Amino acid sequence: MTALPAQSIPAPRRDPAPRPERRLRPAPEPARRAKPRLAYAVIALGGVALIAAAQLLLSIAVAQGAYEIDAFQVQQAELAREQQKLTEDLDRVESPQYLARNAEALGMVPNADPVYLRLSDGAVLGVPTPATGGAVASAPLVPNALIDGVPLVTERPAEQTPIGGSSGEQPVAGTGATSIIPPPADGLPTPATH
Amino acid sequence: MNRTSRHPLRRILLAAVALVALVGVFVVRLVDLQVVRAAELSEEAEGRRSTSVTVYGSRGDIVDRNGVVLADTVMRYDIAISPKNANAGPIARSRPDPSDPSKTVTVDVPLEQSAAELGAVIGLTGEQVQQIVADSLAENPESDFAYVAKLVDTETYERVKDLDIPWVVPWEHPSRYYPNGAVAGNLIGFVGTDGDALAGVELAADQCLAGHDGEYSYLHSLEDWVQIPGTEVVHEQARDGGTLKLTIDSDLQWMVQRIAEAQVQAVGADWATVTVMEAKTGRLLAVADVPTVDPNAPSATDADDRGSRAFTAPFEPGSTFKALTAASVIDAGAADPVSQIVAPYRYLPPNGADVNDSGYHGDEPLTLTGVLIESSNTGMSQFGERLSDQERYDDMLAFGLGQRTEVGFPGEEPGDLHGGPEAWDNQTKYTTMFGQGLTTTAVQIASVYQTLANGGVRMPVRLVEGCGDDTPAQSQGTRVISESAAQQTSAMLERVYLEGWLADEWEIPGYRVAAKTGTAQVPDGNGGYLSGYLVSVSGFAPADDPQFVVSVSIMNPVKMNSSAASAPVFQQVMSQVLKKYRTVPSGAPAPELPATW
């Protein structure tokens, strides 16, 4: 049985004799709870503070990173422009017009009379003819607006002369059979070995 | 006691009404901001905090058969100014203090000086820059935008930026760059300053080449416009155009243009075209048109000279056409290379036509081979009339004449076969046997010789190898005449090369060559003919295993009005082609065929 509501009317005492056992007893007092320790509060608040601080630091780092990224992007754009400039330069000096003008400036002339050596029987097809006509100014023949004003290899200052041996100097004819390698009939490049 | 305290209810009521009115004002304002003007306002907020950037989808490159870049997309810059701000007063600029180099002083730079500085970089005078400012302010006192230079290169752009003038703004402007200048300029074409393709394969293959610009936006910091991480929104992805690969060999193209231009200058011709084609595949290796446009500066060339006449200028081919008629006759079994006729100077067929040879001669006993060697119109007429007009016309169509080639070049002409057999008058029935009274383009003639060189199988003419990874399969070609007819025609053309009057002019030692000259009259457009000629040579080599077709046409060479003007071009171009591709020289000599009887 549990405790009855207070309003309920007590049962009439029929038997004055002491009851063998009391029905209602005070509930046992719960054990007194320990006071919450300060450490917990410190940990919780500290955690919150820590998270807040970490977030702050992270966003500072991210913001800082944004500036770094921006700086790198600016640098990348500059380098891309530089690369484009150099590629453009390279492309136009690779053009056949520029190569031909340089070859002509160095005294080379095209030979329109190819001569062939047939390996099977050693027959020479065609008559070996020295290229004639001198340096033809081919530049105006096939125009290229991009190489106007680009200096030729012969017009550069001496220290800028690209590697490639004695560029600009004509080998002196007749100084010895070994020093002059006749140009191959099919125009294959041959390294000049002095 | 005052009145209100006497009526507490009224006081409460008043406060309530005031409260409700206040809340009402707030609600109205809230609805106004959040509902009525929400889109507008958030757009404005977005606009203030974020910036949108265009990502340029670059136009595809055009490369030759070996991957050499012929057309490239580069970034150029338009230099714009704000006239309003330029006129607002001197700009402040910090300079090192002359008395103490570690400090800086701020100096005022007047408009005169900054305009002169800007002008020096972009190639104007200071006065011209100030004039632009004054002009646009005169038009609109609040003017905030005017161009001072367009499409300047990166170097100029950097120098402009270094000037650090606040009222100058450079804008990116993708542009086209043709590193090889006029090499294949006639074929590549060019684009306008606004990036629209205007000519050549730039126009024909625009769908392949065109890129698609993209756009993204991001939130930025207030002062220095640094992107806030994680705020990038891509509105549209940029897409680059495809790389267009041509069948052209740029080195050969350069050499061919050079040879053609030199000859045009030497003989004082109006124009010339040279076509080099692979005999077995129909691929064009070089198509030179002189004069040639430099796509970097198209305006330097006359508008008429900016295209490719090899495709767009049909002409009466003249005697080079006799090879086609001879091939038709042999294919039909109506004659063979040693069939005999007597060729008079003047031939009057029964239908009333009147055919003459170019120079007076007596009656000559010629074979079909001899007719080609002598290039006799009367002789060719006697062979050609062995076929019906319809048969010859059908063969012309099968050889690809009278219709545009498979290239589909912008402005390409189909040529005109003078209608058809039913439209030919009696004279035209005969002149079409030797290439007058009908028109063809240079590329069509090259295609005819390709068919003869390739055993009678015509390959579709190709200028474009493919777009990106998409390379169309090589067609099998179509048979036009029998293999034996093609071989017999080729053998006759070899005799023309060896015995024709230009034999010494076009000799290429070591190779067997088949070729035919033409000296065609040029219609004046009013039914008559001009005094000048279109001289041409078409042929292929090595004749024992044909690899290359070369077709040369020179219009009106005033200093040398005969095919002797075109023969050296043929010789030089063919030599160069054979040399360049390391073609093995021919072994056995050309077979003998009698020219007379």
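Mind listing whichever residues of the range B:262-321 are among the hydroxyl-bearing types (Ser, Thr, Tyr), over 17 Å from B:SER538 (Cβ atoms) and in a helix (DSSP H, G or I)? Break it down stepwise before answering.
First, the residues of the range B:262-321 that are among the hydroxyl-bearing types (Ser, Thr, Tyr): B:273, B:275, B:281, B:292, B:299, B:301, B:308, B:312, B:319-320.
Next, only the ones that are over 17 Å from B:SER538 (Cβ atoms) stay: B:281, B:292, B:299, B:301, B:308, B:312.
B:SER299, B:THR312 - these are the residues of the range B:262-321 that are among the hydroxyl-bearing types (Ser, Thr, Tyr), over 17 Å from B:SER538 (Cβ atoms) and in a helix (DSSP H, G or I).
In the range B:496-527, how many residues are within 21 Å of B:GLY359 (Cβ to Cβ) and assigned to a loop (DSSP other than H, G, I, E, B)?
Selection size over the range B:496-527: 7.
Rundown of residues vs (1) surrounded by fewer than 16 Cβ atoms within 10 Å (Cβ to Cβ); (2) touching a helix residue (DSSP H, G or I) at 6+ places or on another chain (Cβ under 7 Å), yes/no style:
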| position | (1), (2) |
| --- | --- |
| B:THR154 | no, yes |
| B:TRP167 | no, yes |
| B:ALA204 | no, no |
| B:ASP224 | yes, no |
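Go through (1) within 27 Å of the chain's Cα centre (by Cα); (2) over 21 Å from B:SER376 (Cα atoms); (3) surrounded by fewer than 24 Cβ atoms within 10 Å (Cβ to Cβ) and name the single condition B:ASP545 misses.
It fails just one condition, (1).
Which of the residues that make up the range B:569-592 are in a loop (DSSP other than H, G, I, E, B) and either within 8 Å of chain A (Cβ to nearest Cβ) or of a type outside the set (S, T, N, Q) (or both)?
Matches in the range B:569-592: B:TYR581, B:ARG582, B:VAL584, B:PRO585, B:GLY587, B:ALA588, B:PRO589, B:ALA590, B:PRO591, B:GLU592.
Quick check on B:GLY539: is it in a strand (DSSP E or B), under 24 Å from B:ILE508 (Cα atoms) and more than 14 Å from chain A (Cβ to nearest Cβ)?
So B:GLY539 fits the description; yes.
Would you please list the contacts, defined by Cβ atoms under 7 Å and residues six or more apart or on different chains, that run from a residue in the range B:351-365 that is in contact (Cβ under 8 Å) with a residue 60 or more places away in the chain to a residue that is aromatic (Phe, Trp, Tyr) and surrounded by 10 or more Cβ atoms within 10 Å (Cβ to Cβ)?
B:ALA353/B:TYR430; B:VAL355/B:TYR347; B:VAL355/B:TYR430; B:PRO365/B:TRP597
Can you give me the number of residues within the range B:141-187 that are farther than 19 Å from B:ALA115 by Cα and hydroxyl-bearing (Ser, Thr, Tyr)?
Counting residues in the range B:141-187 that are farther than 19 Å from B:ALA115 by Cα and hydroxyl-bearing (Ser, Thr, Tyr) gives 4.
Quick one: in the range B:207-232, which of the residues that are among the aliphatic types (A, V, I, L, M) and outside any loop (DSSP other than H, G, I, E, B) is nearest to B:SER42 (Cα to Cα)?
Ranking the candidates gives B:LEU219 first.
Mind checking which residues of the range B:288-318 are within 14 Å of chain A (Cβ to nearest Cβ) and touching a residue at least 40 places away in the same chain (Cβ under 8 Å)? Let's see the steps before the verdict.
In the first step, residues of the range B:288-318 are kept if they are within 14 Å of chain A (Cβ to nearest Cβ); the result is B:288-302, B:305-306.
If the condition is that a residue be within 14 Å of chain A (Cβ to nearest Cβ) and touching a residue at least 40 places away in the same chain (Cβ under 8 Å), then B:ALA288, B:ASP289, B:THR292, B:VAL293, B:ASP294, B:PRO295, B:ASN296, B:PRO298, B:ARG306 are the ones that fit.
In the set B:ALA310, B:ALA266, B:ALA326, which member is farther than 13 Å from B:VAL183 by Cα, among the small types (Gly, Ala, Ser) and surrounded by fewer than 23 Cβ atoms within 10 Å (Cβ to Cβ)?
Checking each option against the conditions leaves just B:ALA266.
If I filter the range B:255-263 for residues that are under 26 Å from B:GLY437 (Cα atoms) and of a type in the set (Val, Ile, Thr), do I get at least one hit?
Looking for residues that are under 26 Å from B:GLY437 (Cα atoms) and of a type in the set (Val, Ile, Thr), one finds none in the range B:255-263, hence no.
Out of the residues in the range B:122-140 that are part of a loop (DSSP other than H, G, I, E, B) and touching a residue at least 24 places away in the same chain (Cβ under 8 Å), which is nearest to the other protein chains (Cβ to nearest Cβ)? Can you show your working first?
Here is the first cut: in the range B:122-140, the ones part of a loop (DSSP other than H, G, I, E, B) are B:123-125, B:140.
Then drop every residue that is not touching a residue at least 24 places away in the same chain (Cβ under 8 Å), which leaves B:123-124.
On the way: B:GLY123: 14, B:LEU124: 19 Å.
Ranking the candidates gives B:GLY123 first.
Within the range A:94-121, track down each residue that is assigned to a loop (DSSP other than H, G, I, E, B), within 7 Å of chain B (Cβ to nearest Cβ) and hydroxyl-bearing (Ser, Thr, Tyr).
Answer for the range A:94-121, where residues must be assigned to a loop (DSSP other than H, G, I, E, B), within 7 Å of chain B (Cβ to nearest Cβ) and hydroxyl-bearing (Ser, Thr, Tyr): just A:SER95.
Please verify whether the range A:132-149 includes one or more residues that are within 26 Å of B:GLU261 (Cβ to Cβ), of a type in the set (Ser, Thr, Tyr), more than 10 Å from every other protein chain (Cβ to nearest Cβ) and assigned to a loop (DSSP other than H, G, I, E, B).
Residues of the range A:132-149 that are within 26 Å of B:GLU261 (Cβ to Cβ), as a first pass: A:132-149.
Then drop every residue that is not of a type in the set (Ser, Thr, Tyr), which leaves A:132, A:138.
Checking the rest, the ones that are also more than 10 Å from every other protein chain (Cβ to nearest Cβ) come to A:132.
Those left that are additionally assigned to a loop (DSSP other than H, G, I, E, B): A:132.
Looking through the range A:132-149, at least one residue is within 26 Å of B:GLU261 (Cβ to Cβ), of a type in the set (Ser, Thr, Tyr), more than 10 Å from every other protein chain (Cβ to nearest Cβ) and assigned to a loop (DSSP other than H, G, I, E, B).
Taking the conditions exactly as written (under 25 Å from B:MET433 (Cα atoms), touching a residue at least 12 places away in the same chain (Cβ under 8 Å) and charged (D, E, K, R)), does B:GLU507 satisfy them or not?
no
Given the conditions (1) in contact with a Gly (Cβ under 9 Å, 6 or more places away or on another chain); (2) of a type in the set (Phe, Trp, Tyr); (3) surrounded by fewer than 23 Cβ atoms within 10 Å (Cβ to Cβ), and given that B:PHE434 satisfies all but one, which numbered condition is not satisfied?
In the conditions (1) in contact with a Gly (Cβ under 9 Å, 6 or more places away or on another chain); (2) of a type in the set (Phe, Trp, Tyr); (3) surrounded by fewer than 23 Cβ atoms within 10 Å (Cβ to Cβ), B:PHE434 misses (3) alone.
Restricting the range B:261-277 to residues that are among the aliphatic types (A, V, I, L, M) and more than 9 Å from chain A (Cβ to nearest Cβ), which is farthest from B:ASP305 (Cα to Cα)?
Only one residue fits best here, namely B:MET277.
I'm trying to understand the selection: among the residues of the range B:401-413, which are surrounded by 15 or more Cβ atoms within 10 Å (Cβ to Cβ) and without any contact (Cβ under 8 Å) to a residue 40 or more places away in the chain?
B:GLY402, B:ARG404
Return the residues of the range B:160-180 that are within 19 Å of the chain's Cα centre (by Cα) and either modelled with pLDDT under 90 or part of a strand (DSSP E or B) (or both); say none if nothing qualifies.
B:SER175, B:ARG176, B:TYR177
For the list (1) surrounded by fewer than 23 Cβ atoms within 10 Å (Cβ to Cβ); (2) without any contact (Cβ under 8 Å) to a residue 40 or more places away in the chain, I need the number of the one condition that B:ARG258 fails.
Unmet condition: (1).
What number of residues within the range B:328-350 are without any contact (Cβ under 8 Å) to a residue 24 or more places away in the chain and of a type outside the set (A, V, I, L, M, F, W, C)?
Of the residues in that region, 2 qualify.
Quick one: B:GLU172 ticks every box in (1) surrounded by fewer than 16 Cβ atoms within 10 Å (Cβ to Cβ); (2) more than 13 Å from chain A (Cβ to nearest Cβ) bar one, so which box is it?
Single failed check for B:GLU172: (2).
The values are calculated or read from the model by the stated rules, or taken from the named source; none is laboratory data. Everything numeric in this text was worked out from a predicted model, so none of it was measured. Here Cβ is always computed from backbone atoms with ideal geometry, including for glycine, and neighbour counts include all displayed protein chains.
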